[in-house]
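Visitor: Mind having a look at this structure? Questions to follow.
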Amino acid sequence: MEITPLTITFGIFAIFALGGGLGVVLSRNLLHAALYLILSLFGIAGLFITLEAPFLAIVQVLVYIGAISILITITIMVTRRVMGVTDSVNNQWPVAAIGALFTFGAIVFVLVSNFHGRVAAGDVPADMIERIGLAFASPQGYLLPFEVASLLLLAALIGAIVVARE
Amino acid sequence: MLDIFTLIGDWITGLLESIGAGPVVIDLVFGFIGSFIIINFLLIMALVIIWIERKLIGRIQARIGPNRVGPWGIFQNVADVLKLMTKEIIIPTGADLIPFMLAPIISVASVFLIWAVVPFARTAVGTTVTVGVLYIVAVSSLSILSVLLAGWSSNNKYALLGAFRAVAMLVSYEVPIILMLLIPVMLAGTMDVLQIVEQQGIWYVFMAPLATLIFFVASHAEAARSPFDTLEAESEIVAGFHIEYSGMAFAMFYLAEFLHSFTVGALVATFFLGGWRGPFAAEVPVLGVIYFFIKTFAVYFINIWARGTLPRLRIDQVMDFCWKFLIPLSLVLVMLMVLADKVAAAVFPGYAAVGGFVDLLPRAAVLLIVNVLVGAAAVGWVIRQGRRERERLAAMEIAPIERPAAGAAK
């Protein structure tokens, strides 16, 4: 395998993603774990960019880092008791470890059994975002799930306004 | 065609090719040059805008403002920067070191990252991202993270209070911002910032004045400037999230705050005031840069004006204003504008969504009417609410305060 700028970039982001993931698991401080999670998600966003999928990368940053990670951070902050605890946070970690091991094994199995060697990358269509948009808006595509999700989010937003008005 | 940006770009490309650089190296060099220029330009600009702001706020408050260092105090900020550089960065006991030092860096980075996609002129833009609008929303949401980290890692009650306020406020005000960014995206039919400017044959401020206003107000709140500066509120929680910061670490928060409100000006100019557009800007891109900064500074001036004039709101008022007024209004506005646009496109034969000034006139007229109607309804609602509130207060019987009789002993 020759070293190209792409492989270097891939390597850097892969280190971010995996190192961040390790940090999440190994960190004793919950808030540090949340920070490592952000690093890991950032690495994954970078991997999307190397795959020439900027839309996915930006949505990754927007949704996972901008919204979910911040939600996690706030949750950690308001649970006062957990803040700053340095010994083992959860006594159920052996169960979690077994579960994680099985999931990892399943993913590796699927990847290995479907590996057909290296294939040439297909061309990325220039009108990718139009295609995503059309897929969301066409009845043959994802119209129904998209509309259901939109309705749910709108209901949540209006619900928040109603709660705020009381 | 007098295009100095393409000229310089071609010259550097030629220079690099002549020394045998491949396309990857050329891209890399351009990336470095671009980010170097933008970041240093912003840092120098920060000195200027902070000086302008201090002078203007001074004038608004009937003071002179900085006037000692250099003519009209213009070098005051240079002196301030030198002072801040020599100051010690104090790390409080019990502070979480890595998040503590990371927070100011993220806060400045989130502002710089926005400028990567802001077009200064037709041919002068950091980088073109096909989903530029989403990119801006994504990177600006990182500033919330910096406030959270700063507040939490300082190991200080006031800092944590500031962080909680910040989260509540900044997350809320992102909703109207994103809803209002939908409108230029919808009108231009693209999320590419460069294309949005390109499509503004008529500036979107004339098609959607109410959307411009909501975007400006919500962004102003997102930049946490007065009257929305409840997250630092000196008189309530001392300085909020950056209470424990000193020296350059504090200076970075300060820099980020000023640059953020300047960036608000740039974003309003780009999305609603036609960006670099102006007479002859398409032929001579250098003029576009000048127009862009005139518009940016005009919006920034209104920003300073609001900051100097309005008193700080309470945190519950800030939240009420967002959830009970801005968000319902933006939702209604987006829905009605989409509806009017689609209906008018089906009914009128001469209705064009793309084209020059004359082609866009029918569309501008229809959308302007929608905006004015929604705006009038909102103002009517506010007036009615105000009257009702005054009547409620007048109906309340307030007992007079009992005072000790005159001449009573202490």
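The values are calculated or read from the model by the stated rules, or taken from the named source; none is laboratory data. No experiment lies behind these values; they were computed from the predicted model shown. Neighbour counts run over all protein chains shown; Cβ positions are idealised from the backbone, glycine included. The protein model used for the area step is the full one, side chains on, heavy atoms only, and it has no ligands, DNA or RNA in it. Shrake-Rupley method; radii C 1.70, N 1.55, O 1.52, S 1.80 Å.
Visitor: Out of (1) within 9 Å of chain A (Cβ to nearest Cβ); (2) surrounded by 24 or more Cβ atoms within 10 Å (Cβ to Cβ), the odd one out for residue B:143 is which?
Guide: (1)
Visitor: Could you tell me which residue of the range B:185-227 is farthest from the chain's Cα centre (by Cα), considering only residues that are among the hydroxyl-bearing types (Ser, Thr, Tyr) and within 17 Å of residue B:268 (Cβ to Cβ)? Can you show your working first?
Guide: Filtering the range B:185-227 down to residues among the hydroxyl-bearing types (Ser, Thr, Tyr) leaves B:190, B:204, B:212, B:219, B:226.
Pick out the ones that are also within 17 Å of residue B:268 (Cβ to Cβ) and you get B:204, B:212, B:219.
Values: B:204: 17, B:212: 12, B:219: 5 Å.
Taking the candidates together, the pick is B:204.
Visitor: Here's a follow-up. State all residues of the range B:103-129 that are among the aliphatic types (A, V, I, L, M) and open to solvent by less than 30 Å² (accessible area, probe 1.4 Å); if no residue qualifies, say none.
Guide: As a first pass, look at the range B:103-129 and keep what is among the aliphatic types (A, V, I, L, M): B:103, B:105-106, B:108-109, B:111, B:113-114, B:116-118, B:121, B:124-125, B:129.
Of everything in the range B:103-129, those that are among the aliphatic types (A, V, I, L, M) and open to solvent by less than 30 Å² (accessible area, probe 1.4 Å) turn out to be B:103, B:108, B:111, B:114, B:116, B:117, B:118, B:121, B:124, B:129.
Visitor: Looking at this structure, is residue B:122 basic (Lys, Arg) and touching a residue at least 40 places away in the same chain (Cβ under 8 Å)?
Guide: Values: basic (Lys, Arg): yes; touching a residue at least 40 places away in the same chain (Cβ under 8 Å): yes.
Yes: the conditions hold for residue B:122.
Visitor: If the requirement is being over 21 Å from the mean Cα position of the chain (by Cα) and closer than 28 Å to residue B:265 by Cα, which of these qualifies: B:54, B:68, B:63?
Guide: Exactly one of B:54, B:68, B:63 is over 21 Å from the mean Cα position of the chain (by Cα) and closer than 28 Å to residue B:265 by Cα, namely B:63.
Visitor: Scan the range A:40-58 for residues that are open to solvent by less than 50 Å² (accessible area, probe 1.4 Å), hydrophobic (A, V, I, L, M, F, W, C) and in contact with a Gly (Cβ under 8 Å, 6 or more places away or on another chain) and jot them down.
Guide: If the condition is that a residue be open to solvent by less than 50 Å² (accessible area, probe 1.4 Å), hydrophobic (A, V, I, L, M, F, W, C) and in contact with a Gly (Cβ under 8 Å, 6 or more places away or on another chain), then A:41, A:57 are the ones that fit.
Visitor: Every residue in the range A:6-38 that is in contact (Cβ under 8 Å) with a residue 40 or more places away in the chain, within 14 Å of another protein chain (Cβ to nearest Cβ) and assigned to a helix (DSSP H, G or I), please.
Guide: Restricting attention to the range A:6-38, the residues satisfying the condition of being in contact (Cβ under 8 Å) with a residue 40 or more places away in the chain are A:6, A:9-10, A:28-31, A:34.
Next cut, within 14 Å of another protein chain (Cβ to nearest Cβ) only: A:6, A:9, A:28-31, A:34.
Passing the criteria: A:6, A:9, A:30, A:31, A:34.
Visitor: In the range B:310-410, which helices (runs of 4 or more DSSP H) lie fully inside it and hold 1 or more residues that are among the β-branched types (Val, Ile, Thr) and open to solvent by 60 Å² or more (accessible area, probe 1.4 Å)? Reasoning before the result, please.
Guide: Working: elements: B:315-320, B:327-347, B:357-395.
Because the criterion is at least 1 residues that are among the β-branched types (Val, Ile, Thr) and open to solvent by 60 Å² or more (accessible area, probe 1.4 Å), the helices (runs of 4 or more DSSP H) in the range B:310-410 that meet it are B:327-347, B:357-395.
Visitor: Right, next: Failed condition for residue B:299, given (1) outside any helix (DSSP H, G or I); (2) in contact with a helix residue (DSSP H, G or I) (Cβ under 6 Å, 6 or more places away or on another chain), with all others met?
Guide: With (1) outside any helix (DSSP H, G or I); (2) in contact with a helix residue (DSSP H, G or I) (Cβ under 6 Å, 6 or more places away or on another chain) applied to residue B:299, the lone miss is (1).
Visitor: Please state which of the following conditions residue B:257 fails to meet, knowing it meets all the rest: (1) surrounded by fewer than 17 Cβ atoms within 10 Å (Cβ to Cβ); (2) farther than 26 Å from residue B:385 by Cβ; (3) of a type in the set (Asp, Glu); (4) without any contact (Cβ under 8 Å) to a residue 60 or more places away in the chain.
Guide: (1)
Visitor: Quick test for you: out of A:101, A:134, A:151, pick the one residue that is within 14 Å of another protein chain (Cβ to nearest Cβ), assigned to a helix (DSSP H, G or I) and modelled with pLDDT of 90 or more. Steps first, answer last, please.
Guide: On the way: A:101 fails: within 14 Å of another protein chain (Cβ to nearest Cβ); A:134 fails: modelled with pLDDT of 90 or more.
The conditions single out A:151.
Visitor: Which members of the range B:125-151 meet the condition of being aliphatic (A, V, I, L, M) and farther than 27 Å from residue B:30 by Cβ?
Guide: Taking the range B:125-151 first, the residues aliphatic (A, V, I, L, M) are B:125, B:129, B:131, B:133-134, B:136-139, B:142, B:144-145, B:147-150.
Hits for the range B:125-151 are B:144, B:145, B:147, B:148, B:149, B:150.
Visitor: For the condition of a type in the set (Val, Ile, Thr), over 30 Å from residue B:280 (Cβ atoms) and at pLDDT 80 or above, what is the one hit in B:37, B:49, B:57, B:44?
Guide: Only one candidate passes the filter, namely B:57.
Visitor: Would you mind telling me which numbered condition in (1) within 24 Å of residue B:289 (Cβ to Cβ); (2) open to solvent by 10 Å² or more (accessible area, probe 1.4 Å) residue B:132 fails?
Guide: Exception for residue B:132: condition (2).
Visitor: Sort through A:68, A:129, A:58, A:107 and tell me the only one that's facing chain B (nearest Cβ under 9 Å) and at pLDDT 85 or above.
Guide: A:58
Visitor: Among (1) away from chain A (no Cβ under 11 Å); (2) free of Cβ contacts under 8 Å to residues at least 24 places away in the same chain; (3) not charged (D, E, K, R), where does residue B:138 come up short?
Guide: (1)
Visitor: Tell me which of these residue B:70 doesn't satisfy, since it passes every other one: (1) open to solvent by less than 30 Å² (accessible area, probe 1.4 Å); (2) at positive phi.
Guide: Tallying (1) open to solvent by less than 30 Å² (accessible area, probe 1.4 Å); (2) at positive phi, residue B:70 fails exactly one: (1).
Visitor: May I ask you to list the residues in the range A:120-147 that are of a type in the set (A, V, I, L, M, F, W, C), over 15 Å from residue A:52 (Cα atoms) and surrounded by 10 or more Cβ atoms within 10 Å (Cβ to Cβ)?
Guide: At the first step, the residues of the range A:120-147 found to be of a type in the set (A, V, I, L, M, F, W, C) are A:120-121, A:124, A:126, A:128-129, A:132, A:134-137, A:143-144, A:146.
Still in the list and also over 15 Å from residue A:52 (Cα atoms): A:134-137, A:143-144, A:146.
Residues satisfying the conditions are A:134, A:135, A:136, A:137, A:143, A:146.
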